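Following: one structure in structure tokens, then a few remarks.
The values are calculated or read from the model by the stated rules, or taken from the named source; none is laboratory data. This one's a predicted model, so the numbers in the text were calculated from it and none came from an experiment. Note that each Cβ is placed from the backbone with ideal geometry, even for glycine, and that neighbours are counted across all protein chains shown. To get the accessible areas, we keep the full protein, side chains included, count just its heavy atoms, and leave off ligands, DNA and RNA. Shrake-Rupley method; radii C 1.70, N 1.55, O 1.52, S 1.80 Å.
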Amino acid sequence: MSTLAHTMMTAARSADSGLAGPGELDRYPYTEAPGTDRVGMPSWDGGDPDLGRVGRRSAGSRGRGLHGQLVQQLGQMIVSGDLGADRPLVPEEIGQRFEVSRTVVRESLRVLEAKGLVSARPNVGTRVRPVSDWNLLDPDIIEWRAFGPQRDDQRRELGELRWMIEPLAARLAVGHGRDDLQQRLGDMVEIMGHALTQGDSLTFSRADAEFHSLIIQLAGNRMLEHLSGIVSAALQVSGGSLIGCDRPTEAALVHHSRIVDALAAGDAMAAETAMRQLLTIHPEVERVVPAPREH
């Protein structure tokens, strides 16, 4: 590439905070707001233009360095469809274009392989795998799908999955005698109430995320605890406009309080019902599951 062309590309990247170019992975801020359209980056000279497109980086991956950032870049490109199924990924080309070492590329591809996004086979190389092979319960993939073209499907699927998991967890949480965790649940409701009056959606959503994590811990089921990452990811990517109950509303606060009261009273059915009501106050879920009956 000529010096002039390189200067023009650098200037273009600097003018658009949503883009990162070769050699810039360690400086990329990833501050795009959820739901914004993905912007294409100028294609690499002599390379594949699709690999020149840089995706968003999810909030949970900040601070992971070059390795983590490259995982995010490639993972989002695969999930968004920029790199389609059975697409070959040439490590040497990736390293050259992103100006990262062979070790960084190799380790990044291993992470993506563990998530089911790519496969590496002798005499075939590394290729993108079809969606049916992806680990769709992986928190990173949940985030990448939530901010990509599949955002609507991801929202619906997360809503359905949470509707199946969390009411059961609330019912199982009754009778486990964890007074410390139940007290913490009450504290979270109090924090949410204060945040609601202050219009502090960030504090509300953080307390909400801990509330739901505590419910799953109280269930006393280790297999359910392994699914808690799904709930956490769902709340983290909701951004106040997708699924979940992290929007500061009076209705959400009331249902949280009812769950705490039901646990304190040892009423498993009431706890389950309150959780279902909490998860069905949003239209994304109401289209899929019926609202629970009042008892």
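Selection of segment 163-177 for residues being surrounded by fewer than 19 Cβ atoms within 10 Å (Cβ to Cβ) and in a loop (DSSP other than H, G, I, E, B) yields 175, 176, 177. Cβ-Cβ contacts under 6 Å between residues 6 or more apart (or on different chains), taken from a first residue in segment 182-196 that is under 12 Å from residue 212 (Cβ atoms) and touching a residue at least 12 places away in the same chain (Cβ under 8 Å) to a second residue that is part of a helix (DSSP H, G or I) and open to solvent by 40 Å² or more (accessible area, probe 1.4 Å), are listed as 188/210. Going residue by residue through segment 178-194, is there one that turns out to be among the basic types (Lys, Arg), open to solvent by less than 80 Å² (accessible area, probe 1.4 Å) and over 15 Å from residue 221 (Cβ atoms)? Checked against the condition, which is being among the basic types (Lys, Arg), open to solvent by less than 80 Å² (accessible area, probe 1.4 Å) and over 15 Å from residue 221 (Cβ atoms), segment 178-194 yields no hits at all.
Among the residues of segment 178-187, those that are of a type in the set (D, E, K, R), part of a helix (DSSP H, G or I) and farther than 24 Å from residue 234 by Cα comprise 179, 180.
Considering segment 70-94 alone, what residues qualify as being in a helix (DSSP H, G or I) and open to solvent by less than 10 Å² (accessible area, probe 1.4 Å)? Of everything in segment 70-94, those that are in a helix (DSSP H, G or I) and open to solvent by less than 10 Å² (accessible area, probe 1.4 Å) turn out to be 70, 71, 72, 73, 74, 75, 77, 78, 79, 94.
Being farther than 30 Å from residue 220 by Cβ, open to solvent by less than 60 Å² (accessible area, probe 1.4 Å) and not acidic (Asp, Glu) is the requirement here; does residue 148 meet it? Yes; evaluated as a whole, the condition is true for this residue.
Among the residues of segment 114-141, those that are among the β-branched types (Val, Ile, Thr) and closer than 17 Å to residue 82 by Cα comprise 118, 126, 128, 131, 141.
Looking only at segment 102-143, residues that are open to solvent by 10 Å² or more (accessible area, probe 1.4 Å), more than 21 Å from residue 91 (Cβ to Cβ) and hydrophobic (A, V, I, L, M, F, W, C) come to 3 in all.
Taking the residues in segment 195-205 that are at pLDDT below 90 and surrounded by fewer than 18 Cβ atoms within 10 Å (Cβ to Cβ) as candidates, determine which candidate is nearest to residue 252 (Cα to Cα). So the residue we want is 201.
Which of the residues that make up segment 37-69 are assigned to a helix (DSSP H, G or I), in contact with a Leu (Cβ under 8 Å, 6 or more places away or on another chain) and modelled with pLDDT under 90? Result: 50, 51, 66.
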